[in-house]
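Heads up, the thing below is written out as structure tokens.
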Amino acid sequence: MARVVIIGGAGHVGTYLVPRLVEAGHEVVNVSRGVARPYRAHAAWGRVRQVVLDRGAEEAAGRFGAAIAALSPEVVIDMICFTPASNAELADALTGKVQHLVSIGTIWVHGALTSVPAREEDARAPFGDYGTWKSQIEDDLLARARRGDLPATVIRPGHIVGPGWAPLNPAGHFNPAVFAEIKAGRTLSLPNFGLETVHHVHADDVAQAVMGAIRHWGAAVGEAFNAVSPAALTLKGYAEAMYRHWGHEPALRFLPFEEWAKVVAPEDAQATWEHIARSPCHSIDKARRLIGYQPRYTSLEAVQEAVAVLPGLQG
Ligand SMILES: NC(=O)c1ccc[n+]([C@@H]2O[C@H](COP(=O)([O-])OP(=O)(O)OC[C@H]3O[C@@H](n4cnc5c(N)ncnc54)[C@H](OP(=O)(O)O)[C@@H]3O)[C@@H](O)[C@H]2O)c1
């Protein structure tokens, strides 16, 4: 069993991953600012050492990577890396010192897709800082691994879902009012034909993918893996399923995106654009084959578990 340092372990994924690590017998150190609390209580947290560090502040002082290396980890799980510079600082400090670095990327490294479901090895054309930088981080880590410098793996989650926060909704944004409208049986407007896609994943399934990467070290080093549910949803199919979930016949209307954007809040329209411009739909064949990934949740099961405890939607 290993000493595992998780950077940012008290969030969506860490809520599930940290108990899994402890239960597997690992010695776990969580590095965070000490503000966030896991979404679910679990006795395993009593056996986790907490180290309070602010990554941004430590990086600005040029000592974050060294601080992580000083914890003598065998495995490092980096939940919160968003820029190539941040990644390089950590990767340089860990070179020659760890058995495994598992970095959390995103399916947005792909940008818009050419064929679906998209595989990890398909050509990528990311756009926007977030996806572009995550793509650069992934390339850098996998190159370091293939050169034999740093044994790294990248796990790419879809839209992470779980009880305690609002899932990406059938209109492609995060405003939970959409679920309330559907639950009340009121008509929902969707952009275009509603055939653009979203690809959720339960936070516990992301945690499972990380555990699989650690367990199947030999197959995982130097590789990226999509961590999504078994199938993406169209906005229309997702909305219809949610109406039926709450006992209604679907009541949908469709508007060209530009018109639709005028009937919702600007920030919601922007969030939807970000999601449907990419319309993720990703394959999990590689993760199934190489790291034993078997997602427990379909997209709808994950969403329905989460909305069941959203304020105003319980019961
Ligand atoms: N959310 C999604 O749908 C989605 C989709 C694809 C990929 N991802 C990727 O998933 C990762 C995020 O995972 P998550 O959603 O589980 O994380 P999260 O819920 O945002 O949790 C973030 C964790 O990091 C800690 N943290 C935040 N800022 C910090 C800082 N400056 N220094 C030290 N610790 C800090 C937080 O604790 P404190 O506040 O106490 O510091 C918390 O433990 C990212 O790499 C993201 O790109 C997310």
For this session: Keeping to region 1-12, report how many residues are within 13 Å of the ligand (Cβ to nearest atom) and within 25 Å of Lys97 (Cα to Cα).
Result: 6
Seminar exercise, completed: Taking first residues from region 49-61 that are more than 15 Å from Val28 (Cβ to Cβ) and second residues anywhere that are among the aromatic types (Phe, Trp, Tyr) and more than 6 Å from the ligand (Cβ to nearest atom), the pairs with Cβ under 8 Å that are 6 or more apart or on different chains are Leu53/Phe64; Arg55/Phe64; Glu58/Phe64
Exercise. Surrounded by fewer than 23 Cβ atoms within 10 Å (Cβ to Cβ), more than 14 Å from the ligand (Cβ to nearest atom) and either closer than 22 Å to His159 by Cα or touching a residue at least 24 places away in the same chain (Cβ under 8 Å) (or both), is that true of Ala36?
Worked result: no
For this session: Test each condition in (1) within 30 Å of Ser279 (Cβ to Cβ); (2) more than 8 Å from the ligand (Cβ to nearest atom) for Gly96 and report the one that comes out false.
Result: (1)
For this session: Specify which of the listed residues (Val51, Val76) is within 15 Å of the ligand (Cβ to nearest atom), crowded, with 21+ Cβ neighbours inside 10 Å, assigned by TED's automatic domain parsing to the domain that holds Gly218 and part of a strand (DSSP E or B).
Result: Val76
Exercise. Within region 112-125, can one find any residue that is part of a strand (DSSP E or B), farther than 24 Å from Leu17 by Cα, within 16 Å of the ligand (Cβ to nearest atom) and small (Gly, Ala, Ser)?
Worked result: yes
Exercise. When you go through (1) under 30 Å from Leu195 (Cα atoms); (2) more than 15 Å from the ligand (Cβ to nearest atom); (3) under 19 Å from the mean Cα position of the chain (by Cα) one by one for Gly105, which number turns out not to apply?
Worked result: (2)
Exercise. Say we look at region 238-264 and pick out the residues that are free of Cβ contacts under 8 Å to residues at least 40 places away in the same chain and surrounded by 15 or more Cβ atoms within 10 Å (Cβ to Cβ); which of these is nearest to Gly131 (Cα to Cα)?
Worked result: Glu240
Exercise. Within the set of pairs 6 or more residues apart or between chains, which connect a residue that is on the phi < 0 side of the Ramachandran plot and without any contact (Cβ under 8 Å) to a residue 12 or more places away in the chain inside region 153-182 to a residue that is more than 10 Å from the ligand (Cβ to nearest atom) and among the polar types (S, T, N, Q) with Cβ atoms less than 6 Å apart?
Worked result: Val178/Asn169
For this session: Look at Glu267 and say whether it is surrounded by fewer than 18 Cβ atoms within 10 Å (Cβ to Cβ), part of a loop (DSSP other than H, G, I, E, B) and acidic (Asp, Glu).
Result: no
Exercise. Mind checking whether some residue in region 41-48 is modelled with pLDDT of 95 or more, in contact with a strand residue (DSSP E or B) (Cβ under 6 Å, 6 or more places away or on another chain), away from the ligand (no atom under 15 Å from the Cβ) and not small (Gly, Ala, Ser)?
Worked result: no
Seminar exercise, completed: (1) touching a Gly at 6+ places or on another chain (Cβ under 7 Å); (2) surrounded by fewer than 22 Cβ atoms within 10 Å (Cβ to Cβ); (3) closer than 23 Å to Pro266 by Cα all hold for His199 apart from (2)
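The values are calculated or read from the model by the stated rules, or taken from the named source; none is laboratory data. Just so we're clear, the structure is a prediction, and the values are computed from it rather than from any experiment. Cβ coordinates were reconstructed from backbone atoms using ideal geometry, including for glycine residues, and neighbour counts include every protein chain displayed.
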